[in-house]
Every structure is written in structure tokens, then in C-alpha cells.
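S.K.: Okay, here's the structure, questions in a sec.
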Amino acid sequence: MEGQEENDDIFHDIFMSEERSQSQGFAAGQKIGEKTGLEDGYQLGWEKGAGIGSELGFYVGFCQKILQKLNDSPEGKQRPLKTAQTVLKLIEEFPLTNPTHPQLFELVQQIRAKFKQYISS
């Protein structure tokens, strides 16, 4: 009887080896996938954040320079002046320290729209 149990254990091990290999491979693949996903997500977030920061920095520099020129000129136009000030105010209120702000992309779109309005005026 004991010899029969040993044979059953051997056959059981052989029969279950495929399932064991599959579950070990799945676990290893999931671990690698999570690590790769985190690295890729971090890199993508960094690139997108740097792009938005660059864009907003351009808007700030552009508007400041235009405001300086408009303030220096005797015939300062009110509409472009107010629009440039609004763009700067929106960027000033932009949540720089909270990347999880629920309306972050809406605020970026609003700033872009206001800058386009300025450019067209």
C-alpha cells in the first residue's frame, strides 16, 4: 500500500508540474510587468510634466515681456494688456505642488485658450 502512495505522489508531481510552472511563470511575469509599468509610468509622467512646465514658462516669459512693452508705450492697448494679465494670473494660480489636482488638465486648457485669445488680439 505504501508503494502505491509513492507512485501516486510521483505521478501527482508529474501531472501538477505544468500547473506549477504556469503559476510560477505568471507570478514572475506579473512582478516584472508591475516594475516595468511603474518605471514607464514615472518616465511618462515626468516627460508630460516637464512639457507642461515648459509651455507655461514660455507663456509667463512672453506675457511679461509684452506687458513690459505695452506699459512702456504711450498708446497701451487695454484689451491685450488685460488678456496678458489674465494669462499670468491663471498661471500664478496653477497648482504646482499638487499633480493629482482633479482639474489640472482643464486648467492647462483654460490657460492655452486664454493665451490663444491674447495672440489673436
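S.K.: Counting only protein chains, not ligands or nucleic acids, how are 23, 73 ordered by accessible area (probe 1.4 Å), most first?
M.R.: So, going from the largest accessible area down, we get 23, 73.
S.K.: Sticking with this structure for a sec: Kindly express, to the nearest 10 degrees and within the range 0 to 90, the angle between helix 78-92's C-alpha long axis and the longest C-alpha principal axis of the chain.
M.R.: 30
S.K.: Follow-up. If I stretch the segment between residue 72 and residue 92 completely, what's the gain in nm (0.36 nm per residue apart, minus their alpha carbon distance), one decimal?
M.R.: The span from residue 72 to residue 92 would gain 4.9 nm if fully extended.
S.K.: Tabulate in residue order the Karplus-calculated ³J(HN,Hα) for the range 54-67, using 6.51 cos²θ - 1.76 cosθ + 1.60 with θ = phi - 60°, rounded to whole Hz; enter x for Gly and Pro.
M.R.: 5, 4, 5, x, 4, 4, 4, x, 5, 5, 4, 5, 5, 4
S.K.: Turning to a different aspect of this structure: What's the extension gain from residue 26 to residue 42 if we count 0.36 nm per residue and subtract their Cα-Cα distance?
M.R.: Taking 0.36 nm per residue and subtracting the Cα distance, the gain is 3.4 nm.
S.K.: While we're on this one: Run the numbers on the chain and let me know its relative contact order in percent, using alpha-carbon pairs under 8 Å that are six or more apart.
M.R.: Answer for the chain is 21 percent.
S.K.: Kindly express, to the nearest 10 degrees and within the range 0 to 90, the angle between helix 104-120's C-alpha long axis and the longest C-alpha principal axis of the chain.
M.R.: For helix 104-120, the angle is close to 30 degrees.
S.K.: Using every pair of alpha-carbon atoms in the chain, split the distances into 5 Å bins beginning at 0 and state the percent of pairs per bin, rounded to integers.
M.R.: 2, 9, 12, 12, 9, 7, 6, 5, 5, 4, 4, 4, 4, 4, 3, 3, 2, 2, 1, 1, 0, 0
S.K.: If you put +1 on each Lys and Arg Cβ and -1 on each Asp and Glu Cβ, how big is the dipole of the chain around its Cα centre, in Debye rounded to 20?
M.R.: 2300
S.K.: With a 1.4 Å probe and all protein chains left in place, how much accessible area per residue does the chain have, in Å²?
M.R.: Heavy-atom accessible area per residue stands at 80 Å².
S.K.: Could you check which residue among 97, 86, 36 shows the biggest mean-square fluctuation in a GNM of the chain with a 10 Å Cα cutoff?
M.R.: 97
S.K.: Here is a further query. Can you tell which of 12, 37, 90 lies farthest toward the positive end of the dipole of the chain, using +1 and -1 charges on the Cβ of basic and acidic side chains (Lys, Arg; Asp, Glu)?
M.R.: Value computed over the given set: 90.
S.K.: When the distances between all Cα atoms of the range 50-121 are binned every 10 Å from zero, what whole-number percent does each bin get?
M.R.: Reading upward from the zero bin: 19, 51, 22, 7, 0.
S.K.: Are any of the pairs 48/77; 65/116; 48/82 more than 27 Å apart by Cα-Cα distance, and if so, which?
M.R.: Correct reply: 48/77; 48/82.
The values are calculated or read from the model by the stated rules, or taken from the named source; none is laboratory data. Source: prediction; values computed, not measured. For neighbour counting, all protein chains shown are included, and Cβ atoms are generated from backbone atoms with ideal geometry for every residue, glycine included. These accessible areas exclude ligands, DNA and RNA; they are computed on the full protein's heavy atoms, side chains included. Shrake-Rupley method; radii C 1.70, N 1.55, O 1.52, S 1.80 Å.
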